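Working notes, structure below.
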Amino acid sequence: MIGALLALVLAQNFEQRGFIENDTYVYPKSAPSDSGHLVDELLIRYEASYKIAPWLAIYGAFDADADSHRQVARDWHLDWDGREIQRPAFSARRFSAILHKGRVTAEIGRQFIRWGAADILNPTDVFAPKDYLSNVIAPDFLGVIAARMTVEATTNDSLDLVWQPWFTPSRTPLLDQRWTVIPEQAQGIGIEDLGARYPGGSNFGARWHHIGSGYEFSLSAFDGHNNLPLFSSAFNAAADRVAIERYYPELRLVGADAAIPLAWFTVKGEAAYFSSTTPDTDQYALYVIQLERQVKEWSFSGGYAGEVLTKAGNPLEFQPEEGFARSLVGSAAWTIDPRRSLAIQAAVRGGGSFTRLEYSQTYGQHWRATAGVAWIRGDMNDFIGEFRRNSYASLAVRYSF
Amino acid sequence: MSRLRLPSRSRDGTPTTAGLWMERVFDMTARGLAFLLIFAAAARAQDPRQIIQEVQKRTYSDSQRYEGTLQVIGHENRVATKRWVFERIGSFGASKAILRFTAPPEVKGVALLIINHPDKASDQWMWRPEIGREQRIALQDRSTRFFGTDFSFEDLEERDVDQFYYKLLGEENGQWKIESRPRKSSQYTYQYLWVKKDNYTITKVEAYNKKGLARVIEYRDFELDHNIWTARTTEVLDVARKSRTILKFDKLEYDVPLKSDDFTVDALRRES
């Protein structure tokens, strides 16, 4: 009887969801560092939450990964902090508790913290490292280990305070895989991956969000370390090898974002200034302005992502957000019917461009297949253009539960 | 447990705005869907405007909760199903609502927050678990189909009495037949409404555009709950697409104890 009652209570407060997805990528061209044409990835994601009391809930999310290309580690280690250079086979994406009382909400543990209002680029989204390991143009997000407190001063004003005591980096492409492009003059030289030097100390951030009459905006500030790395290199002439190590520069950021729904379209904008005391680090401002519009079953979004570079630093860097800036970006999605959709996304800048087209269809209540192509063009000295040998066709098959 | 009472809407049929569509979408479904399902017996006068005005007064509730199911049946008889939980606090024009999808599995966790204002368009946010943040949304085209179904967002709006011209065309099988023509921009040029004389519920709507009959909406399975006649089943036929959608809702509750603090952008994140 007690067991049955307990099961009933658990069932009422327990939520779960997840999916099993197989992604197959076909690259027509080989890359200098990667001769493979076919990559297959399998991901099992499980998310669960349990509401212990009206004021307390716990959340967990776990990934199990495998691939054909050895970008995913092949061991039984469970990753908790996202610091692995390879993508771990097993990882705890999220493990956190949310406490809520009155106008105060606190989340403690590994969690996802997303800031910003725009969709095509989010300069202020500074607590959201990404996994660029196997696809730079379509990364996944990583959680951070942090304590976050949100105070809703009024129904229209909230203050977000974040303390991140343990650094989580963005996961960069492996040095011997196709999404790392070695300059032509360095090809043939051996590369030794020394891993990463992670910063100590904490990251702090604050964001004030205000919802006004027909608009909303946020002001945000961050003090800590950039989750995107710079690289230090040491050339060993005798061995004809270069040793590469990632390090993460100190970062201070101030930013703002806004959204204004109008009668004909919705305007969204975001801007941030990035400064650093770490030598050889870029100092710059990123900004985005985008317009959205819904027309029957079509939704359109387009805008410009810009950059103002005030100080150029170490060219050995992996900075996709700067790399995608100075671009005209647009997307369109068509909901053909409840089962089928078509989407296209494009980014065009002076030296390069990419276009992604996806067709997606569901089968029954659980299955979805998504077929896509990504076409990347440009010059080798452009962040997008350097991936011009990485145009691909993809097929994703997902079973959701 | 004390029941929270929010300021009620005006009972004199205060005009609402087109921007209230999203709240109305779900609110209406629970009230019998689409507009004006319950008519007051007091509204004996055969002036359609007065009848509709009376309906607005009689459909008032402090809050509401239900579980909805949508089935879209395409012309090839393929069925797509979506389910959600809907909660609303406050009433038309000043309400707050959250809709959380529970099925199919791939949309489970997607949620919508709608904050309505009496004098301007509503504010809306969508929570998408896959990106882990809310997105401000605004629908500029009310003829857009609702989540790929055969309802357009305009079909699901609650019409304010002052947004239409009405004309009583006559009586058919114990029902009034009323013509309504929009005063402002609409995908439809006119609509016919059938209103039962015995319980003042709308049972059918035919919506016409410039090309002719566009949609037929039928309301069935009425139940009286908290003195509000509510259609538990609504079916819409898209004439051009030959596709139909059936909307049902269960576990309907009116005047449930909900808190205003649970209808904020932060609550959308917290509870999703």
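The values are calculated or read from the model by the stated rules, or taken from the named source; none is laboratory data. Everything numeric in this text was worked out from a predicted model, so none of it was measured. Cβ coordinates were reconstructed from backbone atoms using ideal geometry, including for glycine residues, and neighbour counts include every protein chain displayed.
Considering only residues in the range B:217-272 that are aliphatic (A, V, I, L, M), more than 18 Å from the chain's Cα centre (by Cα) and within 14 Å of chain A (Cβ to nearest Cβ), the one that is farthest from A:Tyr50 (Cα to Cα) turns out to be B:Ala240. Restricting the first member to the range A:254-282 and to residues that are free of Cβ contacts under 8 Å to residues at least 24 places away in the same chain, and the second to residues that are in a strand (DSSP E or B) and of a type outside the set (A, V, I, L, M, F, W, C), the beta-carbon pairs closer than 9 Å and six or more apart or on different chains are A:Tyr273/A:Arg252; A:Tyr273/A:Gly255; A:Tyr273/A:Gln283; A:Tyr273/A:Tyr284; A:Tyr273/A:Thr310.
Among the residues making up the range A:281-295, a single one is more than 14 Å from chain B (Cβ to nearest Cβ), surrounded by fewer than 20 Cβ atoms within 10 Å (Cβ to Cβ), touching an Asp or Glu at 6+ places or on another chain (Cβ under 9 Å) and not small (Gly, Ala, Ser): A:Ile289.
Each residue in the range A:356-388 was checked for being under 20 Å from A:Tyr25 (Cβ atoms), surrounded by fewer than 17 Cβ atoms within 10 Å (Cβ to Cβ) and away from chain B (no Cβ under 14 Å), and 6 of them qualify. A residue that is in contact with a strand residue (DSSP E or B) (Cβ under 7 Å, 6 or more places away or on another chain) and of a type in the set (Asp, Glu) occurs nowhere in the range B:180-199.
Filter the range A:360-398 for residues that are assigned to a loop (DSSP other than H, G, I, E, B) and among the small types (Gly, Ala, Ser); which is nearest to A:Arg178 (Cα to Cα)?
Once the filter is applied, the top-ranked residue is A:Ser391.
Is it fair to say B:Val205 is away from chain A (no Cβ under 14 Å) and in contact (Cβ under 8 Å) with a residue 40 or more places away in the chain? The answer is yes for B:Val205.
Restricting to the range B:104-128, name every residue that is over 25 Å from A:Gln111 (Cβ atoms), crowded, with 18+ Cβ neighbours inside 10 Å and more than 9 Å from every other protein chain (Cβ to nearest Cβ). The answer is B:Ile114, B:Asn116, B:Ser122. Exactly one residue out of A:Ala243, A:Ala234, A:Ala221 is in contact with an Asp or Glu (Cβ under 9 Å, 6 or more places away or on another chain) and either touching a residue at least 12 places away in the same chain (Cβ under 8 Å) or among the acidic types (Asp, Glu) (or both): that is A:Ala243.
Of everything listed in (1) within 11 Å of chain B (Cβ to nearest Cβ); (2) in a loop (DSSP other than H, G, I, E, B); (3) closer than 30 Å to A:Tyr25 by Cα, the single unmet condition for A:Trp115 is (3). Tallying residues that are more than 14 Å from chain B (Cβ to nearest Cβ) and either touching a His at 6+ places or on another chain (Cβ under 8 Å) or loosely packed, with under 13 Cβ neighbours inside 10 Å (or both) within the range A:85-102 yields 3. Within the range A:73-82, the residues that satisfy the criterion of being surrounded by fewer than 21 Cβ atoms within 10 Å (Cβ to Cβ) and either closer than 19 Å to A:Asp176 by Cβ or touching a Lys or Arg at 6+ places or on another chain (Cβ under 9 Å) (or both) are A:Ala73, A:Arg74, A:Asp75, A:Asp79, A:Trp80, A:Asp81.
Determine, yes or no, whether B:Gly212 is of a type in the set (Gly, Ala, Ser) and under 26 Å from B:Asn227 (Cα atoms). Answer is no for this residue. Within the range A:131-152, none of the residues are out of contact with any helix residue (DSSP H, G or I) (no Cβ under 7 Å at 6 or more places or on another chain), among the hydroxyl-bearing types (Ser, Thr, Tyr) and modelled with pLDDT of 95 or more. Listed conditions (1) at positive phi; (2) touching a Lys or Arg at 6+ places or on another chain (Cβ under 6 Å) are all met by B:Asn227, apart from (2).
Would you check if A:Asp157 is among the charged types (D, E, K, R), within 14 Å of another protein chain (Cβ to nearest Cβ), surrounded by fewer than 21 Cβ atoms within 10 Å (Cβ to Cβ) and over 30 Å from A:Asp382 (Cα atoms)? For A:Asp157, the condition - among the charged types (D, E, K, R), within 14 Å of another protein chain (Cβ to nearest Cβ), surrounded by fewer than 21 Cβ atoms within 10 Å (Cβ to Cβ) and over 30 Å from A:Asp382 (Cα atoms) - is met.
Exactly one residue out of B:Gln163, B:Gln140 is closer than 30 Å to B:Ala111 by Cβ and within 17 Å of the chain's Cα centre (by Cα), and it is B:Gln163. Restricting attention to the range A:310-355, the residues that are among the basic types (Lys, Arg) and away from every other protein chain (no Cβ under 14 Å) total 3.
Listed here are the residues, each with its yes/no results for (1) at pLDDT below 90; (2) more than 12 Å from every other protein chain (Cβ to nearest Cβ); (3) in a strand (DSSP E or B); (4) within 14 Å of the chain's Cα centre (by Cα).
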site: B:Tyr66; (1), (2), (3), (4): no, yes, yes, yes
site: B:Val72; (1), (2), (3), (4): yes, no, yes, no
site: B:Asn77; (1), (2), (3), (4): yes, yes, no, no
site: B:Arg83; (1), (2), (3), (4): no, no, yes, no
site: B:Gly93; (1), (2), (3), (4): yes, yes, no, yes
site: B:Leu99; (1), (2), (3), (4): yes, yes, yes, yes
site: B:Thr102; (1), (2), (3), (4): no, no, yes, no
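Would you confirm, using the coordinates I've provided, whether B:Val85 is buried (at least 20 other Cβ atoms within 10 Å of the Cβ) and within 26 Å of B:Lys57 (Cα to Cα)? Answer is no for this residue. Within the range B:183-194, the set of residues being hydrophobic (A, V, I, L, M, F, W, C) and at pLDDT below 85 is empty. Taking strands (runs of 3 or more DSSP E) as the structural unit, those lying wholly within the range B:129-196 and holding at least 3 residues that are more than 14 Å from every other protein chain (Cβ to nearest Cβ) and under 24 Å from B:Val72 (Cα atoms) correspond to B:190-196.
Give me the residue from the range B:204-242 that is outside any strand (DSSP E or B) and of a type outside the set (S, T, N, Q) and, out of that set, modelled with the lowest pLDDT. Among residues in the range B:204-242 that are outside any strand (DSSP E or B) and of a type outside the set (S, T, N, Q), the one modelled with the lowest pLDDT is B:His226. Looking across the range A:55-79 at every residue that is free of Cβ contacts under 8 Å to residues at least 40 places away in the same chain and not in a strand (DSSP E or B), the one that is farthest from A:Ala147 (Cα to Cα) is identified as A:Ser68.
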